[in-house]
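Pasting a structure here, questions to come.
The values are calculated or read from the model by the stated rules, or taken from the named source; none is laboratory data. Everything numeric in this text was worked out from a predicted model, so none of it was measured. All Cβ positions, glycine included, derive from the backbone under ideal geometry; neighbour counts span all protein chains shown.
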Amino acid sequence: MNYGEGPLLGVAARIAGGVSCYPDPHQIPYMINPYGPVAYYLFAGVVKIFGVALTAPRIFVGAATVCCAVLIALLLRHWTGSIRVGLAFGGLLLTLPAVLQWMILFRVDLIGLAFALAGMYFFAASRHWFIAVIFFVTAFFCKFTFVAAPAACVIWMLTKSEWRKALRFVAAYAGFAGTAFLACQLWTGGWFVFHTILASTVHPFSLRLWLDGTLDELNYILVPFILTVVICTRMRAWRDPSLPFIYLILSSVGTILRGKLGSDFNYYLEWEAALCLCLGFEYRLLRAELPDLSAARVLVPALLGCSILAITHWINFDNDAILRASRAGCGAAYQFVKDHRDEQMLTDNIGAVAVAGATPAVFEPFLWTREVLGDGWPDREILDLLKSRRISLVLLDQKPEKMANDPYQVWWPRSVAEAIQQNYTLTRDFKCTGANFVYQPQSLQGK
């Protein structure tokens, strides 16, 4: 269902088979794995138990999403003393647009978010703040974008003049993360830094991409966002900032990464969680200030209820309807790949290849293309395979002539698209994202 699921499944299967998740990226099959090892090895355990398939990891991510909602409920229960507020705003997370779209996808983000929220809970509710550091570092080693929660804790301690505690917290976090980072670098023969950091530095960035994505997100989540702004303004949250308020500000800053080419709504997942925390916390303060019969006490839940209905309708009847149509032929496409799994392949749909137990020539087309275009990696080996027609099966999301004219060259370099166009013929088509068009060598036309 999502492009990133395929490479994750392939990597998990390789780890389950005893292969490192950070191999030499310059050898065929070209593989670049940009996330930290925690999620990869968790998914590898799921694959080892349930087999190489997408269903079990997706359920695992769904369970992690429910854990995020429970942790929000526990945090609000701790801060406000109200289990009803906790349940309401923890449940609100499960109805927000980015979460609704990503909670069933085999991706690392919600795993990392669960660890980050667990860290925040132990920081807020436990005397043993070092436990929080362990969870925060674990979230960081799922995906390096999860720094807003520990940063919020440090800033909050500084606002309370807890300088020594803040210094110890930062030292523990830096020491733990630095040691783990060095261990990973040594364990992978020096490739860890390239996979997780250097490979991301060649991604084009555009403020316009961030602005467009943020406007879309705000369009779907307008009511909770406006309510948060209004309540925080009324309660003057900036004068004595709470931990949830600081977390919301920092996670808002983190959404700037949505401006990277290839980014998606997953960059709003932590922001939506922080929004639920902040809105629940400030709403509880507002309720304590207002008389029992105040219209505002009724208006906020009523507006949120209407927003939930609108978002759910959009997800199920507008967004998902379009996505379902784009995947109507994936069953046939996956079976086709399975029938040809012994052949050398080049594909945009890595999931189909991973489920079939095959290995593509390029394991992460998007990241490999970024290296070719942004860092000067040679594409000679892939071009030689295409020109000599030793790659017997090519599955593409778009036709090569369209890819060759793409100014961003999102999936493949123009040279690869032109080589496919010159040496391969369209033999089949499916209604399946990433495998819409099947190309085979010209000599195999009609086979």
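Looking at 394, 355, 362 in this structure, which one is farther than 18 Å from residue 11 by Cβ and hydrophobic (A, V, I, L, M, F, W, C)?
Details: 355 fails: farther than 18 Å from residue 11 by Cβ; 362 fails: farther than 18 Å from residue 11 by Cβ.
Residue meeting the stated conditions: 394.
Condition check ((1) touching a residue at least 60 places away in the same chain (Cβ under 8 Å); (2) touching a helix residue (DSSP H, G or I) at 6+ places or on another chain (Cβ under 8 Å)) across all residues:
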| residue | (1), (2) |
| --- | --- |
| 339 | no, no |
| 347 | yes, yes |
| 365 | no, yes |
| 374 | yes, no |
| 387 | no, yes |
| 399 | no, no |
| 402 | no, no |
| 415 | no, yes |
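Within region 140-258, considering only helices (runs of 4 or more DSSP H) that don't extend past its boundaries, which have at least 3 residues that are under 26 Å from the mean Cα position of the chain (by Cα) and closer than 25 Å to residue 38 by Cβ?
The helices (runs of 4 or more DSSP H) meeting that bar are 148-159, 163-187, 192-196, 243-254.
Would a scan of region 36-58 turn up a residue that is in contact with a Ser or Thr (Cβ under 6 Å, 6 or more places away or on another chain) and modelled with pLDDT of 95 or more?
yes
Can you tell me which residue in region 309-334 is modelled with the highest pLDDT, limited to those that are among the polar types (S, T, N, Q) and surrounded by 14 or more Cβ atoms within 10 Å (Cβ to Cβ)?
Of everything passing the filter in region 309-334, 326 is modelled with the highest pLDDT.
Exactly one condition in (1) buried (at least 18 other Cβ atoms within 10 Å of the Cβ); (2) modelled with pLDDT under 90; (3) farther than 30 Å from residue 301 by Cβ is not met by residue 220; state its number.
Residue 220 satisfies all of (1) buried (at least 18 other Cβ atoms within 10 Å of the Cβ); (2) modelled with pLDDT under 90; (3) farther than 30 Å from residue 301 by Cβ except (3).
Would you check which residues across region 29-43 are out of contact with any strand residue (DSSP E or B) (no Cβ under 8 Å at 6 or more places or on another chain), closer than 27 Å to residue 383 by Cα and surrounded by fewer than 20 Cβ atoms within 10 Å (Cβ to Cβ) and list them?
34, the sole residue that qualifies.
Taking the criterion of being surrounded by fewer than 20 Cβ atoms within 10 Å (Cβ to Cβ) and not β-branched (Val, Ile, Thr), would at least one residue in region 100-113 satisfy it?
Checked against the condition, which is being surrounded by fewer than 20 Cβ atoms within 10 Å (Cβ to Cβ) and not β-branched (Val, Ile, Thr), region 100-113 yields no hits at all.
Which members of region 4-20 meet the condition of being part of a loop (DSSP other than H, G, I, E, B) and either buried (at least 21 other Cβ atoms within 10 Å of the Cβ) or acidic (Asp, Glu) (or both)?
The one that is part of a loop (DSSP other than H, G, I, E, B) and either buried (at least 21 other Cβ atoms within 10 Å of the Cβ) or acidic (Asp, Glu) (or both): 4.
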